[in-house]
Structure formats: structure tokens, C-alpha cells
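One structure is given here, and the rest of the page talks about it.
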Amino acid sequence: MTTAATLAPPARPAERLRTFTPWWMSLLAGIAAFTGTGSATLNGDELATISAASRSLSGMWELARNIDGHFLPYYLFMHLWVKTGTAELWLRLPSAVGIGVAAWFLVDLGRRLHSTRAGVIAAAVFAILPSVSYFGAFARSYAFAAAAVAFSFWALHRAVERSEARRWVVYGVAVALVCSTHLFAVLVLPAQLLLLRRAWVVPMLAALAVGCLPAAVLGLVGFGERHAISWIPQRGPEVWLKFPKMAAGATGLGVMLFALALAGAVLLWRGAPRGAEEASQAQAGEHGGAGEGGRARAGEHGGVEEAGRARAGEGQYGGAGERGGARVWVFVLVGWLVLPPVLLLAVSQLVTPVYVDRYLFVTAPALALLAGLAVAALPRFQVVAAVVVVLLGCALSVQEHVTVREENGRFENIPWALRVIKAEPDDAIVYGQSQLRTGFEYYADSLMPVDVLKTGEAPSPDGFGYPERSDAAAALDGRDRVWVVWRGSKQSGLDGDAVPRVAEVVKAGFKLSLAKHSAELPGLTVALFVRR
């Protein structure tokens with residue numbers, strides 16, 4: 001008996017390649033990000049993730065009411081994740097997976113905008129970025145945010161390609177994920193408004209409105225917690241000069257990729273069919289959807305199969321030109337790359353200082369995608385050019401890749417501090433910032449000095465610090481040696497008043513015997529004080 005399956009033609013090699021390529025590139029990007037996971041030690045932000053995720057649900061809610069409220073969705077996810085352990089590899093695995101997911105969407109979005117080759121090159125460039133190696137092995141939500149942002153642009157392309165309710169629902173879900181992964185990831189959304197057209201204004205605005213509800217809630221929570229980011233200094237436009245390094249993770253590589261991104265935008269613009277966007281709007285208005293336009297194009301191209309490949313973006317600029325408007329997508333991709341730093345600085349100037357480089361990691365996929373489009377749009381030797389770009393990118397960033405994979409790759413090397421501390425019986429330890437205690441308790445595997453100021457086992461319900469005694473002199477009574485550890489340089493604690501605990505130890509009758517600082521700033525300082 002003949003079945004429908006036996007009548008179906010076998011998948012062509014090109015179709016199989018298009019199906020499996022995103023998955024292979026996703027796997028390679030995730031592995032590249034995961035390679036540095038077991039080397040660099042956890043820093044304060046990652047230890048804050050452990051502290052928050054290890055609390056009860058009511059405890060996390062109490063914390064979110066006072067600090068890090070915009071991280072609450074991520075903390076809820078990690079609350080479930082850490083139930084099986086808090087080892088470094090396990091804590092950072094979700095971020096590596098997030099990088100892999102972002103690479104998948106880059107491959108398919110590149111295919112839709114230009115060709116499969118463009119998507120593959122974009123994912124390869126993305127995988128070699130030192131910033132990807134850093135945040136892909138970082139137990140915070142930045143890799144999640146990059147994946148959600150790539151998902152949102154991919155979903156938007158599908159929705160404007162064929163305006164259907166279910167595609168707009170997917171786009172709305174993607175926007176909600178963007179808003180839930182990191183508050184400032186929403187700064188990419190204004191670039192998407194450039195695609196707003198009469199034919200789909202209602203579903204697009206509805207999807208954005210519903211998807212942005214988490215941002216509205218988390219934004220209100222974050223505004224009430226401005227005191228928690230009072231450490232952020234006010235910035236000026238000069239920070240934009242460092243933006244290429246921030247996005248790529250290395251200065252030389254960043255400058256090269258920004259030049260390629262500019263070239264990619266120009267080539268995408270010049271290669272886009274003229275009038276395609278207007279034709280797309282006319283088809284949407286006349287036919288109320290894609291069905292009639294698809295059948296008409298099928299006849300023009302000589303068959304349904306060829307029209308299907310054109311709609312999928314298999315040919316150069318097929319999907320972007322005929323459906324989404326390739327010329328408009330030039331501005332959308334450039335906006336994805338450059339609007340977030342501009343808008344973040346505007347928020348800093350108009351509301352409160354919030355400009356922190358890592359908040360802009362969501363622009364890294366756009367940088368890689370534009371670079372991939374530039375290489376794929378070359379008239380010939382695209383494969384050779386792609387290999388050259390990837391190899392040159394690796395050469396320009398080898399030192400940064402080594403740095404992020406060193407023990408001190410996150411610039412708070414607590415195992416180093418533990419090796420400096422040579423504890424003797426009855427030695428005491430005092431933390432310049434009480435939240436450092438989380439890291440020392442996480443990594444300590446031998447005799448530690450007595451924590452004389454600690455008054456409870458659990459951190460404060462409204463923060464990451466611990467309740468401590470205020471009378472340092474009384475707590476140190478009978479001790480001859482005390483180790484003091486603080487975040488920052490030696491000068492910040494010994495010569496200034498930035499670390500009040502140091503002054504309290506000196507006032508209690510101790511003098512400095514030893515002080516060492518880790519390799520990078522702010523880093524950690526370990527000092528030994530002995531009784532006068």
C-alpha cells in the first residue's frame with residue numbers, strides 16, 4: 001500500500017545542510033564559550049547569584065524588594081538550577097547554552113537576510129569573540145539576554161515575512177524574554193520599530209505592548225532600588241570610544257569588526273532589490289496575507305519549489321528583500337548595534353548613572369551578524385575571506401582569550417587570597433566588605449582564621465552582606481594576628497577611608513605586617529596585622 005511518506009521526495013543536500021547547520025554552529029559556539037568555565041574563579045557577581053538562588057522563594061522576594069529586583073527572573077531560574085549543585089561548571093553551563101542558542105538564531109537570521117553562508121560566518125565570528133568567552137562562562141544573565149535579543153529579531157523577521165497571528169505571538173514571547181533577562185536589554189527594541197508598517201501595525205504594537213510588561217514591572221522595581229547602583233559613576237560620550245572593545249572583548253578585533261559591520265550595512269543596502277519594501281506592503285494590503293503573493297511569485301520563478309526557497313531566503317536577499325524589506329533591515333541591524341550605548345548614556349544623563357559596559361553585551365550578536373553579511377556579500381572568494389576573518393580575529397584577540405581563561409579572569413581571585421593567608425591557631429579574619437565572606441566560604445578547603453565579626457550563618461535578607469558585630473576592638477580582644485581582606489587596591493584600604501574596617505583594626509591596637517594585592521584592579525587585597 002502506497003503511503004504519503006513513500007511519495008514524499010527525499011530531502012535535497014542543500015535542504016539537509018540548511019536544517020543541520022544552525023545546530024552545528026550552535027554547538028560549536030556553546031563549546032567555545034564553555035571552554036573557559038573551569039579556569040576563571042567566580043567573582044562577586046557570580047557569588048551573588050549563588051547567594052540569591054540559594055534562598056527560599058520568600059527570601060528571594062525579600063531580596064528583590066531591596067536590591068537586584070531586575071534579576072529576579074534569572075534568580076528564579078537559578079533557584080531551580082542550583083538544587084543539583086553549585087560547582088563552577090554547573091553554575092556557568094546555562095550561560096554557555098545561552099550562547100549556543102544565540103548562535104542558532106544568528107545562523108538562521110543571516111540565512112533569511114542573505115544566505116546560509118552569511119549566517120554561518122556570523123556565528124563563527126560570534127564564537128571567537130572574547131566577550132562571548134567571558135559572558136558564556138559567567139553565572140549571570142547576560143548570555144541569556146543576548147540569546148533573547150537574537151530570538152526577538154529572528155521572530156520579527158518571520159512575522160513581517162508572513163503576517164500571521166501565531167508568528168506575532170512568538171515575537172511577543174521573544175520580547176517578553178528580552179525584558180525578563182536583563183532590564184537594559186530592552187534598549188534594542190527601538191531599532192525594531194523601524195520595521196513598523198501599516199500592514200502589520202496592530203499585531204506588532206500589540207506584541208510589543210504585551211511583551212514589554214515585564215520591563216515595566218522590573219523597571220519600576222529597579223527605579224526604587226537606585227541606591228544599589230550608586231557605585232556607578234557618571235559617564236560622558238567618551239565611553240563610546242571604548243564600545244568596540246566592549247562588544248568584541250578586544251580593541252583590535254572590535255575595530256576590525258566595526259569596519260566590517262559598516263561594510264556589511266553598505267553591501268546589504270546596495271544589494272537589496274529596489275522597491276521591494278513597497279511591493280511587500282502592496283501585497284500585504286491587496287491580499288491580506290502572503291498566500292496570493294506567494295503563488296504569484298511561484299509562477300514568476302517557474303514553480304512552487306523555487307518560490308518556497310526564495311521566501312525562505314535561500315537566494316541572495318530573497319527573504320529580506322521580498323518580505324521584510326532588505327533596505328530597512330540595514331537600519332534595523334545598525335540600530336541593534338549602536339542604539340543601546342546611545343540610549344544607555346541618555347538614561348544615565350537624564351535619570352541616574354547606569355552606564356556599565358557589560359549591560360551592552362546584547363550588541364555583540366549584531367556586530368557578528370553585520371560582519372558575516374559583509375563577508376558573504378563579496379562577489380567571490382567568500383569562503384577564503386571568512387577563514388581569513390576568523391583567523392585574523394583569533395590572532396587579534398589571543399591575549400584576551402588567554403586572560404578570560406586564567407584563574408584571575410574575573411578579576412576577583414579568591415583562591416589566590418586563600419593561598420596568601422597562612423593561618424595560625426587563633427588568627428582572626430576581618431572582611432572589608434562583608435559580602436566577600438560568601439566567596440571565602442565557597443572556596444575555603446583548609447583551616448581558616450576565626451571569623452570574629454560574623455553573627456549569623458545566613459546573609460542579610462535585604463542584601464548580600466552578613467550581619468556583623470560593630471565592636472571590632474572587643475571582637476579582637478585576645479588575638480595577636482588578624483587578616484584583613486578587602487576588594488580594591490592596597491592604597492584604598494591603607495591610605496584612605498574607603499575601607500573603614502582597616503581603620504578599626506588599627507585603632508584596636510594592630511599594625512601592618514604584610515599586604516598583597518592581586519594582579520588586576522579592583523582585585524583583592526590581603527593584609528596581615530599584628531598586635532603592637
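The values are calculated or read from the model by the stated rules, or taken from the named source; none is laboratory data. Remember, predicted model here, so these are calculated numbers, not experimental data. All Cβ positions, even for glycine, are placed from backbone atoms using ideal geometry, and neighbour counts span all protein chains on display. The protein model used for the area step is the full one, side chains on, heavy atoms only, and it has no ligands, DNA or RNA in it. Shrake-Rupley method; radii C 1.70, N 1.55, O 1.52, S 1.80 Å.
What the table shows:
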{"quantity": "The chain - mean residue ellipticity at 222 nm from DSSP helices (-39,500 (n - 2.57) per run, n ≥ 4, rounded to 500)", "calculated": "-18000 deg cm²/dmol"}
{"quantity": "Theoretical gain in end-to-end length, Val342 to Leu80 [0.36 nm per residue, Cα-Cα removed]", "calculated": "90.7 nm"}
{"quantity": "Relative contact order (%) - the chain, alpha-carbon pairs under 8 angstrom, separation at least six", "calculated": "18 percent"}
{"quantity": "Relative contact order computed over the stretch 80-194 (Cα-Cα under 8 Å; 6+ residues apart), in percent", "calculated": "25 percent"}
{"quantity": "Residues of the stretch 326-474: accessible area per residue with a 1.4 Å probe, Å²", "calculated": "42 Å²"}
{"quantity": "Computed accessible area, Thr251, all protein chains, 1.4 angstrom probe, square angstrom", "calculated": "80 Å²"}
{"quantity": "Neighbour net charge for Ala64 - beta-carbon separation under 12 angstrom, K R +1, D E -1", "calculated": "-2"}
{"quantity": "Under the Karplus curve 6.51 cos²θ - 1.76 cosθ + 1.60, θ = phi - 60°, whole-Hz ³J(HN,Hα) for the stretch 163-174, x wherever Gly or Pro sits", "calculated": "6, 10, 4, 5, 6, 6, 5, 4, 4, x, 4, 4"}
{"quantity": "Size of charge dipole - the stretch 156-281 - debye, nearest 20, with Cβ of Lys, Arg +1 and Asp, Glu -1, no other charges", "calculated": "160 debye"}
{"quantity": "Stokes-Einstein D in µm²/s, Kirkwood radius over Cα pairs - the stretch 314-437 at 20 °C with 1.002 mPa s viscosity", "calculated": "109 µm²/s"}
{"quantity": "Under 14 Å, Cβ to Cβ, from Ala137 - net charge with Lys/Arg +1 and Asp/Glu -1", "calculated": "-1"}
{"quantity": "Solvent-accessible area, 1.4 Å probe, carbon plus sulfur percent, for the chain", "calculated": "64 percent"}
{"quantity": "Dipole in debye (nearest 20) - the stretch 192-260, about Cα centre, beta carbon charges: Lys, Arg +1; Asp, Glu -1", "calculated": "160 debye"}
{"quantity": "Dipole of the chain, positive direction: furthest Cα of Pro449, Phe34, Thr84, with charges on the beta-carbon", "calculated": "Phe34"}
{"quantity": "Dipole of the stretch 146-198 [Lys/Arg +1, Asp/Glu -1 at C-beta], most positive-end residue of Leu195, Gly172, Ala185", "calculated": "Leu195"}
{"quantity": "Environment charge at Thr41 (Cβ cut-off 11 Å; Lys +1, Arg +1, Asp -1, Glu -1)", "calculated": "-4"}
{"quantity": "Where a label projected 7 Å from the Cα of Thr455 along Cα→Cβ would reach, residues of the stretch 50-92 with amide N under 20 Å", "calculated": "63"}
{"quantity": "The chain, dipole about Cα centre (Lys/Arg Cβ +1, Asp/Glu Cβ -1), debye to the nearest 20", "calculated": "1020 debye"}
{"quantity": "Solvent-accessible surface (1.4 angstrom probe) belonging to Trp200, in square angstrom, nearest 10", "calculated": "10 Å²"}
{"quantity": "Residue list for the stretch 500-514, given a label point 7 angstrom along the Cα-to-Cβ vector of Gln433 and an amide N cut-off under 15 Å", "calculated": "500-502"}
{"quantity": "Rh by Kirkwood over Cα pairs, then Stokes-Einstein D for the stretch 403-532 at 1.002 mPa s and 20 °C, µm²/s", "calculated": "144 µm²/s"}
{"quantity": "Listed residue pairs exceeding 28 Å between alpha carbons, taken from Lys454/Lys490; Lys422/Lys511; Lys83/Lys516; Lys422/Lys454; Lys422/Lys490", "calculated": "Lys83/Lys516"}
{"quantity": "Leading residue at positive end of dipole, the chain (Cβ point charges), from Ile229, Gly264, Trp483", "calculated": "Gly264"}
{"quantity": "Virtual spin-label span in nm between Ile31 and Asp480, 7 Å along Cα→Cβ", "calculated": "5.7 nm"}
{"quantity": "Cα gyration tensor shape of the chain, rounded if a/c is under 1.5, else prolate or oblate by comparing a/b with b/c", "calculated": "prolate"}
